[in-house]
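These notes concern the structure reproduced below.
The values are calculated or read from the model by the stated rules, or taken from the named source; none is laboratory data. Values in this document were obtained by computation on a predicted structure and should not be read as measured data. With ideal geometry, Cβ positions are generated from the backbone for all residues, glycine too; neighbour counts draw on all protein chains shown.
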Amino acid sequence: MFLTPYFSNNNHQFQFTREQASHFAKRVAGDYNPIHDEDNKRFCVPGDLLFAVLLSKEGISQKMRFRFSGMVNDGIELHIENKCEKESAVVDEAGKEYLHMSREGETNHNPAFIEHVVTNYVQFSGMNFPHIMVPLMEEKQMMINCQRPLV
């Protein structure tokens, strides 16, 4: 599986090191947001990596919706909780939800197809921040969080 270098599996749980998450951000997604640098004190695992692992484990359906609800640090044990047939979530041991997915239609579990979709999506997503969001924020004289700016 193409994601193997970027997370560690232990039974039904998985986790990320700073190195794994940072390498995914830079090498796969082209995401150079400093919050994904290994030595950043406010480091977090890229949402695109959570998204990629969830799709690799659950497959891709015809219609999907995702809601990110938390930032994951390195070393946090996560697992996929199936809420019902059409909903899953990435949660930690305490039940805190980080990514929620709902789906409709047929599901494809073909690893080559999933790799193709994930790779193309995260490459687009990784370029979104520096090439779309930063210029837009500069133009509008805004920051995502003025109290704790990332840029």
Checklist entry - Within the range 85-92, is there a residue that is modelled with pLDDT under 90 and of a type in the set (Asp, Glu)? => result yes
Checklist entry - Is there any pair linking a residue in the range 31-48 that is aliphatic (A, V, I, L, M) to one that is part of a helix (DSSP H, G or I) and at pLDDT 95 or above, with Cβ under 7 Å and at least six apart or on different chains, and which? => result 45/21
Checklist entry - Would the range 122-143 turn up any residue that is among the basic types (Lys, Arg) and either modelled with pLDDT of 95 or more or touching a helix residue (DSSP H, G or I) at 6+ places or on another chain (Cβ under 9 Å) (or both)? => result no
Checklist entry - Which members of the range 45-59 meet the condition of being crowded, with 18+ Cβ neighbours inside 10 Å and in contact with a helix residue (DSSP H, G or I) (Cβ under 9 Å, 6 or more places away or on another chain)? => result 45, 46, 47, 48, 49, 51, 52, 53, 55, 56
Next on the checklist: Under 6 Å between Cβ atoms, which residue pairs at least 6 apart in sequence (or on different chains) link something in the range 14-28 that is in contact (Cβ under 8 Å) with a residue 60 or more places away in the chain with a partner that is crowded, with 16+ Cβ neighbours inside 10 Å and assigned to a strand (DSSP E or B)?
Outcome noted: 14/78
Checklist entry - Would you say residue 7 is crowded, with 18+ Cβ neighbours inside 10 Å, out of contact with any His (no Cβ under 7 Å at 6 or more places or on another chain) and more than 21 Å from residue 128 (Cα to Cα)? => result yes
Checklist outcome for this item: The one condition residue 25 fails out of (1) among the small types (Gly, Ala, Ser); (2) part of a loop (DSSP other than H, G, I, E, B); (3) in contact with a helix residue (DSSP H, G or I) (Cβ under 6 Å, 6 or more places away or on another chain) is (2)
Next on the checklist: Which numbered condition in (1) modelled with pLDDT of 95 or more; (2) within 18 Å of residue 42 (Cβ to Cβ); (3) among the small types (Gly, Ala, Ser) is the only one that residue 112 fails?
Outcome noted: (2)
Next on the checklist: Whether any residue in the range 49-63 is closer than 23 Å to residue 17 by Cβ and assigned to a loop (DSSP other than H, G, I, E, B) is what I want to check.
Outcome noted: no
Checklist outcome for this item: The condition from (1) under 30 Å from residue 106 (Cα atoms); (2) in a loop (DSSP other than H, G, I, E, B); (3) aromatic (Phe, Trp, Tyr) that residue 43 misses is numbered (1)
Checklist entry - Can you name the residue in the range 108-117 that is under 10 Å from residue 2 (Cα atoms) and in contact (Cβ under 8 Å) with a residue 60 or more places away in the chain and, of all such residues, is surrounded by the fewest Cβ atoms within 10 Å (Cβ to Cβ)? => result 111
